[in-house]
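Structure first, then comments.
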């Protein structure tokens, strides 16, 4: 009954995201606002830069893959090594102690060190503030320093340019590095690319929202449309029924009558005809109406199916076989304490005394009766077999409103007494995992499932049989009235013609 499906339906995934595109737009707008606000509140930074020329005259480095001591590409490759050397703790300490200038204090000349001019400065701050990189893959190295103080950026950059050559020569053992251009104090702060950062934030927000929607799509196990049933299961779909959102205080709003919408009436007519077609050749006339779990609308479907069969001229009895949680009393407005099926099965009543025959023309209802302690045992008893056998001689069809398969074993106890079962699936409520579990249990007990009834709020109608196409035929009474008027006109014209001929 199950089909193995492992691939993701990309079309459905795309439609799922498009229907919720508002979430993507909102998240993109939030990302845009956050990044723009962050960029506008960022502290201004200043970058100072200078250059130095490096050469390699260490013959020992030839063994590391360098072709020649005078080869320019060799010096380019050494830039990364020189950068690591300069960023070592020893060199950073030298930079911190670099003499920026000589100042006179109380008539005495003193050296002003970098660490003295900026007492809060540390080697870690210096290391993180500057970078060294080759200029267009040449032996020219650019030293750039970025801080929040323009003068500090220039001082650190110039200190590195002065200390680096000697440090490189001491560590590497050979080679040379000569400062070319020293840094000057930057006058303008680095520009903030508000637009770029805002667009990055917007894109990040949209990606996060889309990823969340994909995750929700993959974790969603609810049945959304009939295509999911046909793609995942072998059972046919007997009909798609539109769910009515009427006044819960008035049960008649949920039941078919002569004033019901034509599309709803025709949906149950289709269910009726498909069900009767599946019953061809079967000895029994008993049909179970069940579902996987409670709340999927099986009682409403069973009641309206019985009404539709009765409207077609079939003699039908609807039995409330859910003795634990009877629902038909609410739909047909009879007392829930009315004696019924359970009282018959335990021998406290006769079925002729408990059947309610004033529900609809050609339709009777047998209530569930008092709640017994052992419903499953009563349903698979010999008394139940004889009751159904006798009722099948008096009615064209018997409908059993049975409990959900995954909740109790009652419908499985009736598997040998019924010709088959109608399985109700509610849109965006029924879970594929529960459906599979129910189908497996039905298969194990021999309960034949005749097909699905898809019950939902948003049922796609075909263009030919849409409401618009049948707008003029919504009322049978109006159609009959127009037919009678047309018939009278025809008779009048015929009578007039005969009179003229005479």
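Assorted remarks:
- Evaluating residue 336 against the criteria (1) under 40 Å from the mean Cα position of the chain (by Cα); (2) over 19 Å from residue 394 (Cβ atoms) leaves one unmet condition, (1).
- Condition check for residue 407: in contact (Cβ under 8 Å) with a residue 60 or more places away in the chain, farther than 17 Å from residue 317 by Cα, assigned by TED's automatic domain parsing to the domain that holds residue 313 and surrounded by fewer than 24 Cβ atoms within 10 Å (Cβ to Cβ): yes
- Within segment 305-326, restricting attention to residues that are surrounded by fewer than 19 Cβ atoms within 10 Å (Cβ to Cβ) and in contact with a helix residue (DSSP H, G or I) (Cβ under 7 Å, 6 or more places away or on another chain), the residue that is nearest to residue 404 (Cα to Cα) is 324.
- Complete set of residues in segment 343-402 that are over 21 Å from residue 327 (Cβ atoms), part of a helix (DSSP H, G or I) and in contact with a helix residue (DSSP H, G or I) (Cβ under 7 Å, 6 or more places away or on another chain): 383
- Scanning segment 116-134 for residues that are over 17 Å from residue 82 (Cα atoms) and either over 55 Å from the mean Cα position of the chain (by Cα) or touching a residue at least 40 places away in the same chain (Cβ under 8 Å) (or both), we see that the one that is surrounded by the most Cβ atoms within 10 Å (Cβ to Cβ) is 118.
- Verdict on residue 233 being exposed (fewer than 15 other Cβ atoms within 10 Å of the Cβ) and modelled with pLDDT of 90 or more: no
- Condition met for residue 110 (surrounded by fewer than 16 Cβ atoms within 10 Å (Cβ to Cβ), without any contact (Cβ under 8 Å) to a residue 40 or more places away in the chain and either in the same structural domain as residue 87 (by TED's automatic domain parsing) or closer than 28 Å to residue 55 by Cα (or both)): yes
- Residues of segment 270-279 include at least one that is buried (at least 22 other Cβ atoms within 10 Å of the Cβ) and touching a residue at least 60 places away in the same chain (Cβ under 8 Å).
- Residue count, segment 135-188 (criterion: in a loop (DSSP other than H, G, I, E, B), touching a helix residue (DSSP H, G or I) at 6+ places or on another chain (Cβ under 8 Å) and surrounded by fewer than 16 Cβ atoms within 10 Å (Cβ to Cβ)): 7
- Checking residue 75 against (1) buried (at least 17 other Cβ atoms within 10 Å of the Cβ); (2) closer than 19 Å to residue 165 by Cβ; (3) modelled with pLDDT of 75 or more, the condition it does not meet: (3)
- Flag if residue 285 is touching a helix residue (DSSP H, G or I) at 6+ places or on another chain (Cβ under 6 Å), at pLDDT below 90 and surrounded by fewer than 23 Cβ atoms within 10 Å (Cβ to Cβ): no
- Search result, residues across segment 440-457 that are over 20 Å from residue 241 (Cβ atoms) and in contact with a strand residue (DSSP E or B) (Cβ under 9 Å, 6 or more places away or on another chain): 440, 442, 443, 447, 448
- Residue in segment 197-205 that is more than 22 Å from the chain's Cα centre (by Cα), under 30 Å from residue 21 (Cβ atoms), assigned by TED's automatic domain parsing to the domain that holds residue 38 and surrounded by fewer than 17 Cβ atoms within 10 Å (Cβ to Cβ) present: yes
- Test: residue in segment 295-304 that is out of contact with any strand residue (DSSP E or B) (no Cβ under 8 Å at 6 or more places or on another chain) and surrounded by fewer than 19 Cβ atoms within 10 Å (Cβ to Cβ): no
- Test: residue in segment 11-33 that is assigned by TED's automatic domain parsing to the domain that holds residue 161, at pLDDT 80 or above and within 30 Å of residue 148 (Cα to Cα): no
- Lone unmet requirement of (1) at pLDDT 90 or above; (2) in a loop (DSSP other than H, G, I, E, B) for residue 465: (1)
- Scanning segment 410-429 for residues that are part of a loop (DSSP other than H, G, I, E, B) and out of contact with any strand residue (DSSP E or B) (no Cβ under 7 Å at 6 or more places or on another chain), we see that the one that is surrounded by the fewest Cβ atoms within 10 Å (Cβ to Cβ) is 416.
The values are calculated or read from the model by the stated rules, or taken from the named source; none is laboratory data. Nothing here was measured: the structure is a model prediction, and the numbers come from that model. All Cβ positions, glycine included, derive from the backbone under ideal geometry; neighbour counts span all protein chains shown.
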